[in-house]
Each structure stands twice: as structure tokens, then as C-alpha cells.
Amino acid sequence: MKADETTRLLEITDSRTVMGGVLEWKQKHEDQGYIMQKNAHLARALIAALRNRKARTAFKWVKGHRGHPLNEKADRLAGEAVAREIPDDLAISTPPNLRLSGAKLFCMTQKLAYRAIRSIKEKSLPRRKRTEKNLENIEAKIREGFGIYPTNQMIWKGLRSRHITYTVRYFLWMAIHDGYMIGDQWMRPNMSAELQERATCNKCGSTESMEHILFQCEAAGQQKIWSLMKDAWSHTKIPWREPGWAPETGLPFPETTSAY
């Protein structure tokens, strides 16, 4: 038995989601086989570690970014971890005697079953490298401009905001997935020479991309649109930053108590 397994601990966090996952919603998630929970593998490992301890563990919520020394240190360490080219090798496996598998039958609904099937199918799909690259650029741009560390899930969820029209939402979804027929999409082997000419911007002479069309092209209209956008943005009282999907600089990626 490890020494720290018998020592009483106070875990401090600024995430109500983490506290809820190991306290309030723990039984629900376990009964449903973690089908609806994000980062289920981390939740399983955390709960297993808590159950493996022989002493009491208390959780205390603190408001983030309010100068709490431990919370500020955690944010700094998280930023340093994200900036590493080689991620840390974390032990998140669950011991066999504490491992739960599957959902309880009495908890299963059509919605849960559909989500479980879709999750299994998604794991078998090939990775979309262009989508991953676009998401990395968007995340980096948000971190640089606003000091926020968004996840892919946060970006996709943001597209479903009621403040974004369906037309814009569809465009952003397609653009992130590189789903529009532009640029080197026309350079496929089965394309004729006439069609392959469409890969090049007639104005700039460079291979087109969505980033080029939106932010770099010198064709008439592009600068006008962003000028109008800048004027509209001034009403938000938030400093204007030049639009783009990639960072402009080489910056690195950068009280309630409960008990378990």
C-alpha cells in the first residue's frame, strides 16, 4: 500500500464539471456506461484512483483566475504541458478489480444506444489530417488573441450557438473540414488539365485555400469586407485583431467544499 493512499487529501479545483463527475453525477455516469460523458477514460481513471485510496479525499471549488496560488500554478503547468512537443505519459489505466464495463440495461434508452453505436463507428473512421490542422490553427489563434485554451469540443459546440445562423454554421463546418472544392482539391489525378487550372488564384497566382481566399487574396472585395467587419467590431469595445486561422506570432501554447 502506498503511503499517499492512507493520507487525507484536499483537492482544489476551479472545475465544477470535475467535481460533479466524481461526486454528484458519478453513479449516473457509471450506470450509463459513461456513454454520454466527455473524456470518459479520464473520469474512469480518476474515480478508480479515489476508490483505491484508504483515506478520505475532500474536494473544494475555487473561482478560477482569481489569484489563488495553487489554481494559478495549475494553469501555468497546464500551459507548459500543452506547449511540449512530446506529451507526458500519464498512467490513466484502471485496475481490473475497479473496472466497470458497459451500461446497465435498465438505464439504456434509444438515445444512449444510438450514441454508443455512433461512438464505436467514429473510432473506426480514418483521421482527417486537414481537419486536425485547421482545428490546431483555430485553437492557437484563440489562445493568442484571448488567452483562452479551447478544446476541439468547445470549438464544435461554439458552432452550434444560437447566435450563429445556419448558413454561417454550415460554411464554418465545411471550411474546417476542408470540404470545399478549392485549391489542390482540383489537382486530383482524375481531373482534366482545364479543371486543374482552377487550383490557382487568377489574381495572386498562388494555390488557393480557404485561408488565402478569406484573409490573404488581393482580389477586390476582400479588404472591403474586413473593413466593414472591423467597424462593426468596434461596437463590442473589445480590441480588434487581424482575422486569421493561424497565430500571428510564435507564442508557445501557452469556495465550496465536498468530500469523496
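The values are calculated or read from the model by the stated rules, or taken from the named source; none is laboratory data. Everything numeric here is computed off the predicted structure, so don't read it as measured data. FYI the Cβ positions are ideal-geometry reconstructions off the backbone, even for glycines, and counts take in every protein chain you see.
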**Request:** Please work out if Lys60 is of a type outside the set (A, V, I, L, M, F, W, C), over 30 Å from Lys111 (Cα atoms) and not in a helix (DSSP H, G or I).
**Result:** yes
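To keep it simple, each residue is scored yes or no on (1) more than 22 Å from Lys38 (Cα to Cα); (2) of a type in the set (Phe, Trp, Tyr).
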| position | (1), (2) |
| --- | --- |
| Ala113 | no, no |
| Glu122 | no, no |
| Arg127 | no, no |
| Thr131 | no, no |
| Asn137 | yes, no |
| Phe146 | yes, yes |
| Asn152 | no, no |
| Lys157 | no, no |
| Ser161 | no, no |
**Item:** Residues located in region 13-39, provided they are more than 22 Å from Asn152 (Cα to Cα) and in a loop (DSSP other than H, G, I, E, B)
**Value:** Leu23, Glu24, Trp25, Gln32, Gly33
**Request:** Filter region 27-56 down to the residues that are among the basic types (Lys, Arg) and closer than 17 Å to Pro95 by Cβ, then identify the one that is nearest to the chain's Cα centre (by Cα).
**Result:** Arg44
**Prompt:** Looking at region 169-180, is at least one residue over 30 Å from Val22 (Cβ atoms), at pLDDT below 90, out of contact with any Lys or Arg (no Cβ under 9 Å at 6 or more places or on another chain) and surrounded by fewer than 13 Cβ atoms within 10 Å (Cβ to Cβ)?
**Reply:** no
**Prompt:** Looking at Asn97, is it surrounded by 10 or more Cβ atoms within 10 Å (Cβ to Cβ) and either within 30 Å of Asp14 (Cβ to Cβ) or assigned by TED's automatic domain parsing to the domain that holds Ala40 (or both)?
**Reply:** no
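If you go through region 213-229 one residue at a time, do you hit one that is in contact with a strand residue (DSSP E or B) (Cβ under 8 Å, 6 or more places away or on another chain), among the acidic types (Asp, Glu) and outside any helix (DSSP H, G or I)?
So in region 213-229, the residues in contact with a strand residue (DSSP E or B) (Cβ under 8 Å, 6 or more places away or on another chain) come out as none.
Scanning region 213-229, I find no residue that is in contact with a strand residue (DSSP E or B) (Cβ under 8 Å, 6 or more places away or on another chain), among the acidic types (Asp, Glu) and outside any helix (DSSP H, G or I), so the answer is no.
In the list Leu10, Leu42, which residue meets the criterion of being in a helix (DSSP H, G or I), in the same structural domain as Leu90 (by TED's automatic domain parsing) and within 26 Å of Pro69 (Cα to Cα)? Outline the logic, then answer.
On the way: Leu10 fails: in a helix (DSSP H, G or I).
Sole residue among the options that is in a helix (DSSP H, G or I), in the same structural domain as Leu90 (by TED's automatic domain parsing) and within 26 Å of Pro69 (Cα to Cα): Leu42.
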**Fill in**
Going through (1) touching a helix residue (DSSP H, G or I) at 6+ places or on another chain (Cβ under 9 Å); (2) modelled with pLDDT of 85 or more; (3) surrounded by 11 or more Cβ atoms within 10 Å (Cβ to Cβ) one by one, Phe106 fails only at (3)
**Fill in**
Out of (1) in contact with a Leu (Cβ under 9 Å, 6 or more places away or on another chain); (2) under 26 Å from Ile35 (Cβ atoms), the one Met108 does not meet is (1)
**Prompt:** Which number in (1) at pLDDT below 90; (2) of a type outside the set (Lys, Arg); (3) within 26 Å of Glu144 (Cα to Cα) marks the one condition that His41 misses?
**Reply:** (3)
**Complete:** Over region 71-94, the set of residues farther than 24 Å from Lys26 by Cα and exposed (fewer than 11 other Cβ atoms within 10 Å of the Cβ) is Lys73, Leu77, Arg84, Glu85, Ile86, Pro87, Asp88, Asp89
**Prompt:** Are any of the residues in region 195-208 under 22 Å from Lys129 (Cα atoms), surrounded by 10 or more Cβ atoms within 10 Å (Cβ to Cβ) and not hydroxyl-bearing (Ser, Thr, Tyr)?
**Reply:** yes
